[in-house]
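The values are calculated or read from the model by the stated rules, or taken from the named source; none is laboratory data. Since this is a predicted model, take the numbers as computed values, not measurements. Glycine also receives a Cβ, built like all others from the backbone with ideal geometry; neighbour counts cover every protein chain displayed.
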Amino acid sequence: MRPNRLRHQGIRAAALHAHNSATIEDCPEGARVTCPPDQWSYAAHVVLSDLLGDSIDVDVVVRLAIEVEEGSLGVGLIDSALQTYRGPELVVGKTESEWVELSVPPGAFALMTRNVDGSGTPTRFRIREFETLDLSDESARAEYYWGPGFETLQLPPTHGALSGHGEPGLGPPVRIAVVPPSGLGCALGLPIHLPDESSALLRDPLTWKMDPDDARVLSQIYRALQPRRHLEIGTWEGFGVVTCVDASPDVEITTINLPDGEVSSSGTPSYPGAGGPTDAGSSIGRLYRQAGLGSQVRQILADSTAWTPDVPEGHFDSVLVDGGHSTAVVASDSLLAARLVRPGGLVLWHDFCPLERVLRQSDASRGVVRAISEGLPRWGSEFDRMIWVRPSYVLIGRRAS
């Protein structure tokens, strides 16, 4: 069942409450708001009950067509004190029109906009139109969040959000098997007993986390495979190492991480923390060290794309690819993993989620999915099975014998 969709005209000035020195000019296609020039300054909010009316009483998603004329805009749902965001804040750069989607969670009171541009630019925008999607029916909600049920996924390189700036596609469409958690054991020929959780399909995939969501899948794979040698590309704080050892206690793990952590295209840390990046310096692997697992781990501090392995091809029983998330880095790491995993072994990619709404809003998933989409026509013959577990951010490849 598809969600009930209602489209509305743009938000008018009368519905907006200005903050700080923001100015609001009424226009036929939605009020034009000029934000204060200071980064993170609130600009304007609209109370959800004024925006949604009776829809506020049902499970609802708000889709906003936003035009940013200058600067960079943050959009999110906030509590009644106008202090705490109730879900992710989405960032929209300069664009003639971009649709963003926000699921309305419990405790959300208003839609807040603010200037997130750090250059002193007074971001200027308007919301040209918006839609509400009624997801009170569970089947509609599941389909909206995770797509309709299907057995095979096709990923043409130029599909939808993957097309980027219109680069030509490479090779034929990629076909990947799609299985629920309960079907993973049969698909891989392993004793995996992973029950489906119907509530998982009713959760917004943008709220999905490695811990605990995807760890549930990875742990059961490691438990069934019992790898003796495991490679992890992207250590971070060491949660992945702990997950693997808990499931396969005798495993020896090699894990590689950039010494200074991953950075975004703008040069800022991808994983900032109060004491610095959480994937750099002494934070690298802190969880496995705290668990006393250091003797089972060989920690390598290097760029995986420049690393020269000192082990033979086919050395590892399993490889987790969860390092840099740009298309180029994922492509390089995937080729490395395909060489180093043994026949019949498994390569696991994290942050693989081919849903349009995720790809529009997640740089990490966009990089991973694009690398897989463009790479498999060239190196897919190295694997005899490619499986996406739905719902999850986990892709699995079994090395051909």
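Of all residues in region 90-108, those satisfying the criterion of being over 21 Å from the mean Cα position of the chain (by Cα) and either aliphatic (A, V, I, L, M) or surrounded by fewer than 17 Cβ atoms within 10 Å (Cβ to Cβ) (or both) are Thr95, Glu96, Ser97, Pro106, Gly107, Ala108.
The requirement of being over 24 Å from Pro227 (Cα atoms), within 18 Å of the chain's Cα centre (by Cα) and either exposed (fewer than 15 other Cβ atoms within 10 Å of the Cβ) or modelled with pLDDT under 80 (or both) is fulfilled nowhere in region 171-192; no residue meets it.
Selection of region 244-261 for residues being buried (at least 23 other Cβ atoms within 10 Å of the Cβ) and either within 19 Å of the chain's Cα centre (by Cα) or among the polar types (S, T, N, Q) (or both) yields Thr255, Asn257.
Matching residues to (1) under 26 Å from Ala306 (Cα atoms); (2) surrounded by 22 or more Cβ atoms within 10 Å (Cβ to Cβ); (3) β-branched (Val, Ile, Thr):
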position	(1), (2), (3)
Arg339	yes, no, no
Arg370	yes, yes, no
Glu382	yes, no, no
Val394	yes, yes, yes
Gly397	yes, yes, no
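Please work out which one of (1) in a helix (DSSP H, G or I); (2) touching a His at 6+ places or on another chain (Cβ under 7 Å) is the condition Asp317 fails and give its number. Failing condition for Asp317: (1).
Inside region 280-323, residues that are surrounded by 15 or more Cβ atoms within 10 Å (Cβ to Cβ) and free of Cβ contacts under 8 Å to residues at least 24 places away in the same chain make up a count of 1.
Close Cβ contacts (under 8 Å, 6 or more residues apart or on different chains) running from residues in region 358-383 that are farther than 16 Å from Val394 by Cα to residues that are among the hydroxyl-bearing types (Ser, Thr, Tyr) and assigned to a helix (DSSP H, G or I) comprise Glu374/Thr327; Gly375/Ser334; Trp379/Ser334. For Ala274, are the conditions met, namely being surrounded by fewer than 16 Cβ atoms within 10 Å (Cβ to Cβ), touching a residue at least 40 places away in the same chain (Cβ under 8 Å), over 29 Å from Gly375 (Cα atoms) and not charged (D, E, K, R)? Answer is no for this residue. Got a sec? Which of Glu70, Glu151 is surrounded by fewer than 14 Cβ atoms within 10 Å (Cβ to Cβ) and among the charged types (D, E, K, R)? Glu151 is the lone residue from the list that is surrounded by fewer than 14 Cβ atoms within 10 Å (Cβ to Cβ) and among the charged types (D, E, K, R). Looking at Leu340, Leu346, just one residue is modelled with pLDDT of 95 or more, farther than 25 Å from Leu194 by Cβ, in the same structural domain as Asp211 (by TED's automatic domain parsing) and in contact with a strand residue (DSSP E or B) (Cβ under 9 Å, 6 or more places away or on another chain), and that residue is Leu340. All of (1) within 23 Å of Asp333 (Cβ to Cβ); (2) surrounded by 19 or more Cβ atoms within 10 Å (Cβ to Cβ); (3) in contact with a helix residue (DSSP H, G or I) (Cβ under 7 Å, 6 or more places away or on another chain); (4) modelled with pLDDT under 95 hold for Leu135 with one exception: (1). In region 205-221 there is at least one residue that is at pLDDT 95 or above, more than 19 Å from Val358 (Cα to Cα) and of a type in the set (Val, Ile, Thr).
Of all residues in region 44-64, count the ones that are in contact (Cβ under 8 Å) with a residue 60 or more places away in the chain and either touching a Phe, Trp or Tyr at 6+ places or on another chain (Cβ under 8 Å) or assigned to a helix (DSSP H, G or I) (or both). The number of residues fulfilling the criteria is 9.
Looking at region 240-256, is at least one residue in contact (Cβ under 8 Å) with a residue 60 or more places away in the chain, within 17 Å of Val347 (Cα to Cα) and either acidic (Asp, Glu) or assigned to a strand (DSSP E or B) (or both)? Within region 240-256 (the criterion being in contact (Cβ under 8 Å) with a residue 60 or more places away in the chain, within 17 Å of Val347 (Cα to Cα) and either acidic (Asp, Glu) or assigned to a strand (DSSP E or B) (or both)), the answer is yes, since at least one residue qualifies. When region 199-228 is limited to residues that are hydroxyl-bearing (Ser, Thr, Tyr) and touching a residue at least 40 places away in the same chain (Cβ under 8 Å), the one that is surrounded by the fewest Cβ atoms within 10 Å (Cβ to Cβ) turns out to be Thr207. Of the residues making up region 387-401, those that are under 21 Å from Ser326 (Cα atoms) and at pLDDT below 95 number 0.
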